[in-house]
Structures are given as structure tokens and as C-alpha cells.
Amino acid sequence: MDLAYTDAEKEYRARLRDWLAAALPGLPPQPPPDDWPARRAYDTAWQRALYDAGYGNVHWDASPTLRLIFLEETERAGAPYVGANFVGLLHAGPTIAAEGTPEQRERWLGPILRGDEIWCQGFSEPDAGSDLASLRTKAVRDGDAYVVTGSKIWTSHAEVADWCELLVRTDPAAPRHRGITWLAMPMDAPGITVRPLRTLAGSAEFAELFLDEVRVPADCRVGEENDGWRVTMVTLSFERGTAFAGEVVACRRTLAEVAAEARANGSWDDPVLRRGLGRLHAEFAALWRLVQWNVSEAAATGSVPGTGGSVFKLRYSHARQELYDAAAEVLGPDAFDLSRPWTVQRLSSLSYTIAAGTSQIQRNIVAERILGLPKGR
């Protein structure tokens, strides 16, 4: 494991930092958080700017270390996050780059990188969330297409998406992990109904999908039929491995802001609070080192992020919640005011132990695949 940066990587960091310093002052104000058509336009415009500057392909056509530097520097500079491009850039795109045919990579990767097309994720179902292999949305082959019927839930950015990375059951008789197929579904296909879901924080970035005999071309299948579970593990390794890396940097910045507010309002005098903030400082420093370790391992093996991503995701989810609980302590009664800093983030942090695989699922992965413990019965 080598955590030191090469001269070329240092040069990349300096060049990116200079470009961000020049580009960010000219950005327009961000649109309201619930105006998703406007947010799509804003997010895709930023992605196009990155693409034109030579940074659009960093999420899968660059070394893991350069990807990490990019996430670190853009977050530190306060650059826009991927936003509506999240699924395409961090989930579907890397999966297609790893598992797609040359024709599929040619068709989909360029539009994702340029910000021309938005993707959503159709994995979870009302009765198949943490136990994803229990999904029941079915796809029946009919000539040169699959006919898909079922429903999905927690589908990110479905209301503005052009494509959906969709898991379907193509062989109901097969063992449940072996009868699943990964499809790219065009969101303008007849038979798709999108119903937005409002979260605890008041936003509506998720939706329910209802699929009524939707025809998906067979050449939109990524991987072999009934091999979708393996392809999905590639997707989830990206989701749990490096997709949250930039957020660790953001949490470290937030922690410094919370400490500054505590000093300003007198809550810093509480030794229990100080110890808690000190422990969080150490926690996020360790998490950043774990990100570097995961990236170093991926670079050394030439593979996608591995099960170490589950260790990171498990601890990061809880550390993020603890950070915003500490922020609430500092704010006192103002922690219930949605207009105050950190209040909405505290509400959204509650989802982190559920999203991208619950903490219970991550513990099972760590126990079985890293520690070699027997599976529970």
C-alpha cells in the first residue's frame, strides 16, 4: 500500500485547483432544492464545464488516485456536487465501463460524461430493499425486447432521468441470486409511471416507479441474462467504495464549522462536547485514510473497489449521523429551525444507515467476506 502521491498526481491536483479557482466565481446561483428541472439544467451544465476542461471522465477513465484527488479538491473548493448526475456518473457509468460491450460504452458513456443524459436507479422494491435479491419485478423476453412489469421504490432522480439502471427477474425458477438481469431502461418508454416521494427533509429526489409491460430493447442488457447479480455487485462496489469520498471532506469542513460555532456561542465550555468533537475529528481523519487505502488497493490490483468499501460505508454512515447530532447540540433550540445550517443535513443523515445497503447488510458483508464467519441461518 502506497499513500504517497506521485509528481504527476501532484501536478494534476495543482492544475485542477487552478481551474476551479477560475471557474467557480462565474457560476450562476444554485436553483431551489425542489426545482428538479432547474437542478438538472444546473447540474448538467456543470458537468459539461468539467467535460470541456478535461475532467469529465475522472469517475471511471482515470486512476483511482486521480479520482480521489478530484473529489477532494472539488469538495474543498465548494464546487457543485454531481447532483442529478449522481447515478450516471458514480453508479451506472462505471458499471457500463466495466461490464458493457464496446457498443454500449460508445452509446452511453459519452452522453453521461457530457451531461447530456441523466440516469436513475431502479433497484429497491417495496418488499426488496435490504434483501435486494428478493426483487420481483419481472422481465419476459419477447423477440428483441424484454417486457417488464413491476414496481420500484426510492428511485433517485426518476422525474428528470433519461435512463434507469434496472434490476429485473428473468428466471423465476432459478435460485434468487441467479435469475436477475441488469437492464438499461429508457425512461420515455410507454408504460412507465413516476410518482415522486417526499422525504423527511421535505425534498423529493426519490420516486416510485410503476412499470406496466414496458418494452426494453434486448441490446440494453448489460452482462448476460440471469447474470445481473454479479453485475449489481460491481455497481454496489462503486456505490460503497468511492462514491462517498467527497462527502468525508465535506464532513471534515462541517466539523470545523461546528467547532467554530461552539466557540462563538459558549457551548465549547462543555468538556463532553469538546471530547465528542475531538473524537469525530479523529474518526473522519481515519475514514479519509481508509478511503486512501481502498483506492490504493484498487489501483494496485487494477480492479473495482472491493469489500473494504463496506467497512467504510458502515462506519461513515454512523459518523455522519454523530456529526449532525453534535451540531444539534451546539445549535440548541435552533436545531429545530430548518433555515439554520446543518438542520436539513441532520434529517437527511438519518437515511445514510439505510441507503446503499443498510448497516445490518454491511455488517453481514464484513463478517462473511472479510472475517470469514459463517452465514447466519
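The values are calculated or read from the model by the stated rules, or taken from the named source; none is laboratory data. Predicted model only: the values in this text are computed from it and were never measured. Quick reminder, even Gly has a Cβ in these numbers, built from the backbone with ideal geometry, and neighbours come from all protein chains shown. Surface areas here come from the heavy atoms of the whole protein model, side chains and all, with no ligands, DNA or RNA. Shrake-Rupley method; radii C 1.70, N 1.55, O 1.52, S 1.80 Å.
Mind listing whichever residues of region 77-99 are touching a residue at least 60 places away in the same chain (Cβ under 8 Å), closer than 13 Å to GLU165 by Cα and in contact with a Leu (Cβ under 8 Å, 6 or more places away or on another chain)?
Within region 77-99, ILE96 is the sole residue that qualifies.
So the check is Cβ under 9 Å with 6+ separation or different chains; which pairs have a first residue in region 354-377 that's open to solvent by 100 Å² or more (accessible area, probe 1.4 Å) and a second one that's modelled with pLDDT under 70?
ILE354/GLY129; ILE354/SER130; GLN360/SER130; GLN360/THR353; ARG369/GLY306; ARG369/THR307
What's the total number of residues in region 164-221 that are under 16 Å from THR149 (Cα atoms), out of contact with any strand residue (DSSP E or B) (no Cβ under 8 Å at 6 or more places or on another chain) and open to solvent by 60 Å² or more (accessible area, probe 1.4 Å)?
1
Among the residues in region 334-348, are any modelled with pLDDT of 75 or more, within 16 Å of the chain's Cα centre (by Cα) and of a type in the set (Lys, Arg)?
no
Of the residues ARG289, ARG263, ARG230, only one is within 25 Å of the chain's Cα centre (by Cα), modelled with pLDDT of 80 or more and loosely packed, with under 15 Cβ neighbours inside 10 Å; which?
ARG289
Identify all residues within region 92-110 that are under 21 Å from VAL214 (Cβ atoms) and either out of contact with any strand residue (DSSP E or B) (no Cβ under 6 Å at 6 or more places or on another chain) or β-branched (Val, Ile, Thr) (or both); write none if there are none.
Selection gives THR95, ILE96, GLN104, ARG107, TRP108.
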